[in-house]
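Have a look at the structure below, then the notes.
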Amino acid sequence: FLISASFRVDQPFFRWFGGSWRRMLGLFTHLFVQDERSKELLEGVGVRNVTVSGDTRFDRVTAIVAEARALPIARAFRKASELPVVVAGSTWSADEELLAKAAQGRAVRLVAVPHEPVPEALERIEQAFPAPVVRWSFAEERMDTPAPAHMPPEQDPLHARTLLVDRMGLLANLYREGDLAYVGGGFTDGIHSILEAAAWGRPVIFGPRHRKFPEAAGLIAAGGGFEVRDANTLSATLHQLLDDPASLKAASQAAARFVRDHTGATDRVAGHLLRALSAQGLQEGH
């Protein structure tokens with residue numbers, strides 16, 4: 001079985017030289033695809049054992065939201081100021097350069113989560129992003145230590161402009177503490193998961209390289225996703241969303257609705273598999 005597959009017309013399966021690729025498709029008992037276009041492409045080359053089931057990733061991110069644990073540091077950072085918070089997840093240097101430029105002179109705070117929290121990436125963000133910048137690990141120590149008496153709020157690390165996350169495995173739950181999200185990878189090999197942010201009802205901004213990810217076009221069409229191509233378009237998008245509460249609310253609702261409307265693939269696939277296995281068992285019983 002092939003589950004949650006997505007096919008594009010430019011793939012070898014559908015090209016004149018793709019005979020061996022098409023033969024591979026015949027090895028599957030059944031193919032579960034994300035959309036009607038994928039089914040049409042497969043049927044066009046003679047593959048009939050296809051069902052449009054949707055994408056099981058929508059169910060996974062919905063489960064993450066339902067089972068999320070609290071992150072006290074992120075919550076304290078958000079509550080330390082009334083400024084809007086942008087969670088920048090899975091960023092690379094190209095993303096960080098745009099974010100740094102777009103944040104200049106703007107009343108906004110950032111939660112920065114580099115794709116690879118190696119020393120050079122952390123140092124790069126510390127130098128480029130709005131200061132003061134506090135690392136997550138330092139904030140952890142601060143949370144475990146009583147604050148000095150009469151310490152001015154501006155000296156509290158959690159009042160920083162940028163919270164730099166130097167820990168792994170936190171991103172999916174961090175999106176809940178932002179007003180909107182920026183997801184990296186759209187200026188390198190392709191965007192990372194935008195569904196994790198959208199599942200929290202956060203508008204998602206990303207770069208132009210998302211052709212292999214149909215959920216990006218879907219989220220844009222739904223009104224919850226925003227493609228940017230440079231610092232100017234990023235700045236304009238931040239202005240559109242952060243300076244207009246009605247626009248931010250509409251985009252947030254659209255993002256949440258997009259994920260909600262696409263859940264259920266896991267149950268559809270499981271139902272088909274159970275029927276297929278049951279039928280196989282009956283045949284073997286005879």
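What to note about this one:
- For region 73-161, no strands (runs of 3 or more DSSP E) sit wholly inside it while including 2 or more residues that are outside the structural domain of residue 175 (by TED's automatic domain parsing) and modelled with pLDDT under 95.
- Residue-level check: of (1) over 21 Å from residue 199 (Cα atoms); (2) hydrophobic (A, V, I, L, M, F, W, C); (3) modelled with pLDDT of 95 or more, residue 63 misses just (1).
- For region 187-225, filtering for residues that are of a type in the set (Asp, Glu) and under 13 Å from the mean Cα position of the chain (by Cα) leaves 2.
- Qualifying residue in region 18-40 (condition: small (Gly, Ala, Ser) and closer than 24 Å to residue 166 by Cβ): no
- Single residue of region 18-59 satisfying the filter (in contact with a strand residue (DSSP E or B) (Cβ under 8 Å, 6 or more places away or on another chain) and among the basic types (Lys, Arg)) that is farthest from residue 279 (Cα to Cα): 57
- Picking from residues in region 104-122 that are in contact (Cβ under 8 Å) with a residue 40 or more places away in the chain and over 16 Å from the mean Cα position of the chain (by Cα), the one that is nearest to residue 185 (Cα to Cα) is 117.
- Scanning region 159-200 for residues that are surrounded by fewer than 20 Cβ atoms within 10 Å (Cβ to Cβ) and aliphatic (A, V, I, L, M) yields 168, 170, 172.
- The residue of region 28-40 that is surrounded by the fewest Cβ atoms within 10 Å (Cβ to Cβ), among those that are closer than 25 Å to residue 261 by Cα and touching a residue at least 60 places away in the same chain (Cβ under 8 Å), is 30.
- Search result, residues across region 100-119 that are touching a helix residue (DSSP H, G or I) at 6+ places or on another chain (Cβ under 7 Å) and either among the charged types (D, E, K, R) or within 15 Å of residue 130 (Cα to Cα) (or both): 100, 101, 102, 106, 108, 110, 111, 112, 113
- Residue match in region 238-251 (condition: aliphatic (A, V, I, L, M), free of Cβ contacts under 8 Å to residues at least 60 places away in the same chain and either closer than 16 Å to residue 61 by Cα or loosely packed, with under 14 Cβ neighbours inside 10 Å (or both)): yes
- The residues in region 212-234 that are under 22 Å from residue 59 (Cα atoms) and surrounded by fewer than 22 Cβ atoms within 10 Å (Cβ to Cβ) can be counted, and the count is 9.
- For region 41-72, the candidate set comprises residues that are out of contact with any His (no Cβ under 7 Å at 6 or more places or on another chain) and assigned to a strand (DSSP E or B); within that set, the residue that is surrounded by the most Cβ atoms within 10 Å (Cβ to Cβ) is 50.
- Checking every residue in region 9-16 against the condition of being surrounded by 15 or more Cβ atoms within 10 Å (Cβ to Cβ) and part of a loop (DSSP other than H, G, I, E, B) gives zero matches.
- Taking region 17-27 as the range and being surrounded by 13 or more Cβ atoms within 10 Å (Cβ to Cβ) and in a loop (DSSP other than H, G, I, E, B) as the test, only 18 passes.
The values are calculated or read from the model by the stated rules, or taken from the named source; none is laboratory data. Since the model is a prediction, treat every value here as computed from it, not as a measurement. Using ideal geometry, Cβ is built from the backbone for each residue, glycine included, and neighbour counts are taken over all protein chains shown.
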